[in-house]
Amino acid sequence: MPFNSARMKSLREIKGFSQEELAGRAGLSQSAVNKAETGTSSPTADVLEKIASALDCTMDYLHSRGPNYDDDRAAAAKMSFDVFASDKSTNDQDRERCHRASTHRDAPKTARLWRSFAEMVEMAVGTPPASTKLVVLKKGRSRTGTR
């Protein structure tokens, strides 16, 4: 399938990037981003890879291949979560906590925002102790075993 410039533009706008900002994040000229987005020229594989990386998406998504999403907002949240979750610095606890929010309509739309969200959850919920022991008391007995 050919490059889908409308998907690129929509994803850029959902993430709140200007063409100049996307160009800076991708290490490209603003002109290259504009040409790709307007369909004036089809980006090379190298340029497309840089754009996809800067948008936290896959090259397949920009070619209208791969998983189907309800809309571009859902795609932005899911793909950026995947980038966040696959980062080596993301721990299992942050991955699990954030995954629960990944389908929310207001879920973060960039991997950077997912990291920020994980930090906020950590501040609000805290970190469970490394080893927590659950003490179960039998009904009708005190801790010493007397009634």
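What follows draws every value from the coordinates through simple rules; no lab data is involved. Since the model is a prediction, treat every value here as computed from it, not as a measurement. Cβ placement follows ideal geometry from the backbone for every residue including glycine, while neighbour counts extend to all protein chains displayed.
Some notes on this structure:
- Dmax and Rg, reported as Rg then Dmax, of region 72-125 (C-alpha, Å): 10.0, 30
- Rounded FRET efficiency, nearest 0.05, which uses the C-beta distance separating residue 70 from residue 124 and R0 of 35 Å: 0.80
- Packing-based exposure ordering (other Cβ within 10 Å, fewest first) of 59, 79: 59, 79
- Computed magnitude of the charge dipole of the chain (debye, nearest 20; Cβ of K, R +1, Cβ of D, E -1): 1240
- Sum of -39500 (n - 2.57) over DSSP H runs of 4+, divided by residues of the chain (222 nm, nearest 500): -15500 deg cm²/dmol
- For the chain, the membrane-span-like helices by this rule, meaning whole DSSP H stretches whose C-alpha atoms cover at least 20 Å of axis and whose Kyte-Doolittle mean is 0.0 or above, are 72-86, 111-125; this says nothing about an actual membrane.
- Computed from point charges on the beta carbon alone (+1 for Lys and Arg, -1 for Asp and Glu), the dipole magnitude for region 1-66 about its Cα centre is near 120 Debye.
- Charged neighbours of residue 14, selected by a Cβ distance under 9 Å, balance to +2 (K, R count +1; D, E count -1).
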